[in-house]
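The block underneath contains the structure these notes are about, expressed in structure tokens.
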Amino acid sequence: MKKKTLIVMTSLVMLVLNVYSEITLPGILDDRMVLQQKTEVKLWGDARPGSEVKIKPSWTDKIYAVKCRPDGKWDCNVSTPEAGGPYRISFSDGTERVLENVFVGEVWFCSGQSNMEMPMRGFDRQPVENANNVIAKAKTSVPIRMYTTDSEDGRWVRQFSKQPQTDCKGKWLDHTPENVANISAVAYFFAQYIQETLDVPVGIIVSSWGGSKVEAWMSKEALEPFEEISLSHLSNDGEIRNPTSTPCVLYNAKIAPLTNFAIKGFLWYQGESNRDNADQYGELMPAFVRDLRKKWNVGEFPFYYVQIAPFNYEGPDGVSSARLQEVQLRHMKAIPNAGMVTTLDIGHPVFIHPMNKKTVGERLACWALGNTYHRKGFGYKPAVYKSMEVAEGKAYIDFDNAPRGLCPMWTQLQGFEIAGEDRIFYPAKAEIETKTTRLAVSHEKVPNPVAVRYAYKNYAEASIFGIDGIPVAPFRTDNW
């Protein structure tokens, strides 16, 4: 009897040891993933303490070896080749774990609130323009792979935490109609454009949540300098009732677990939920980006973001979104290696989720192609207000990022207002003069112009563009 008991106990011990010795990897390291090309990527996980973990990628003859620490953790930097695949990666500490169908290419992190979250299939009663045709044509031979922390088979997965996590729920998806339907439309159109242009595999990591404030996406370290923002909830036993507006809890659950994974750059579409406090947002965003770059520890990676689109909000003539758009415009200078997409031409007065997500994704892609991948011959920067000069009762406006001028010519432009010293604004006559080729703004009741505004309202429609078709960013020359 004792001998039988000993045999059973020995078998149980061996079973436990075998299970414990199996290499485990975080969810982001899985079949179908895309690794950033031509760099050092970090691979990490858990194994038997003290064991040696051997890593063998199929793109090289080199075998990487790393000793597992006493806490069972290990990590190793691995060199990646030029874009290609599919490859396999073998991990072994005596028990082998293999990842299949791994590509090497370009990897972009995509985050924000509902306009980033909005899937290709659309929200209920809110479609994405022409998405059905795009979804239907998706095929696995196209090397686009998608990792999402947001949804599983079309069902939302909500994750938040008071403390930074080391792993999260998520999955790499093949390029099939079912998977494309459930991925962020903005992120997908970006990936599609980049993949077709560069002809390399592209991976997008999507981590978003509708209605979220930027504070929820920021780490404790990033927010500590802002004394007006309470972080007491991070150290008490209280329940998190509204994760989308609670500082740090989305960062902890949906960004922190992914900061070891090498990326090329970051895409951001958010701001609607912070429009009631635009001045604070102006300070938070640069701190947010600085902290992201510090956490990834790969330098000032590209950060491309979307200026919020026109919408009625508290009324079409209100200016809460105009104030936020103004702050977002300033971030182009406040945040190094950043670029902003204008969306003045795709807004809708009553739909806060514009249907035209393709234009947004492609404008983000053009920023990446021009500013990160150094391709030339096309426009990607919006024309932005530079200066105003008054002459003969007219205000002449000059712009940056408009080397070949603006358009349309021979057309009276809408959305402009002008004021004199009394600060009373009038709907203005605005046109690109044939003789001077400059934008001239005037009104008969304002003989001595002092200030000009363009599209400085919650809802306005674009009337002036660069010749590349990118709308001029909303602006005002005053600070009243």
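Before moving on, here are some points about what is shown:
- Carbon + sulfur, % of accessible area of the chain - ligands and nucleic acids excluded, 1.4 Å: 49 percent
- For the range 392-474, the list of GluC sites (Glu not before Pro) that fall in a loop by DSSP and count at most 10 other C-beta atoms within 10 angstrom reads E392, E421, E444.
- The Cα center of the range 404-435 and the Cα center of the range 20-43 differ in position by 55 Å.
- In loop segments of the range 324-403 as defined by DSSP, the trypsin sites (Lys or Arg not before Pro) with at most 15 further C-beta atoms inside 10 Å of their C-beta are R375, K376.
- Helix runs (DSSP H) in the chain reaching 24 Å along axis by Cα, Kyte-Doolittle at least -1.0: 2-21, 278-296
- The chain - Rg and Dmax from Cα coordinates, angstrom: 25.9, 109
- Proximal aspartates and glutamates relative to K171, as straight alpha-carbon distance under 18 Å, when same-chain residues fewer than 8 apart are discounted: D30, D31, E100, E106, E117, D150, E152, D153
- Largest accessible area first, the residues S320, S230, S235 order themselves as S235, S230, S320 under a 1.4 Å probe with ligands, DNA and RNA left out.
- Dipole in debye (nearest 20) - the chain, about Cα centre, beta carbon charges: Lys, Arg +1; Asp, Glu -1: 1360 debye
- Theoretical ellipticity at 222 nm over the chain - DSSP helices of four or more residues, -39500 (n - 2.57) apiece, nearest 500: -6500 deg cm²/dmol
- Straight-distance crosslink candidates among lysines, where the alpha carbon sits under 21 Å from K381 and sequence neighbours closer than 8 are dropped: K264, K333, K357, K358
- Rounded to the nearest 10 square angstrom, I397 shows an accessible area of 0 square angstrom against a 1.4 Å probe.
- Dipole of the range 316-413 computed with +1 at Lys/Arg Cβ and -1 at Asp/Glu Cβ about the Cα centre; of S320, V350, M340, farthest Cα towards the positive end is M340.
- Each label was represented as a point 7 Å from its Cα along the Cα-to-Cβ direction; for C407 and E196 these points are 2.1 nm apart.
- Cα centre as origin, Lys/Arg/Asp/Glu Cβ charges: the range 185-310 dipole, Debye: 340 debye
- Contour excess over end-to-end distance, with Cα ends at R423 and K376 and 0.36 nm allotted per residue: 12.6 nm
- Antiparallel DSSP beta bridges within the range 280-401, as percent of all bridges there, nearest 5: 65 percent
- Ordering G379, T95, V298 by the projection of their Cα atoms onto the charge dipole of the chain, which places +1 on the Cβ of Lys and Arg and -1 on the Cβ of Asp and Glu, puts T95 at the extreme positive end.
- Sparse packing (at most 11 other Cβ atoms within 10 Å of the Cβ) combined with a DSSP loop state is found for the following GluC sites (Glu not before Pro) in the range 75-128: E82.
- Antiparallel DSSP beta bridges within the chain, as percent of all bridges there, nearest 5: 65 percent
The values are calculated or read from the model by the stated rules, or taken from the named source; none is laboratory data. No experiment lies behind these values; they were computed from the predicted model shown. For neighbour counting, all protein chains shown are included, and Cβ atoms are generated from backbone atoms with ideal geometry for every residue, glycine included. All accessible areas refer to the heavy atoms of the entire protein, side chains included, with ligands and DNA or RNA removed. Shrake-Rupley method; radii C 1.70, N 1.55, O 1.52, S 1.80 Å.
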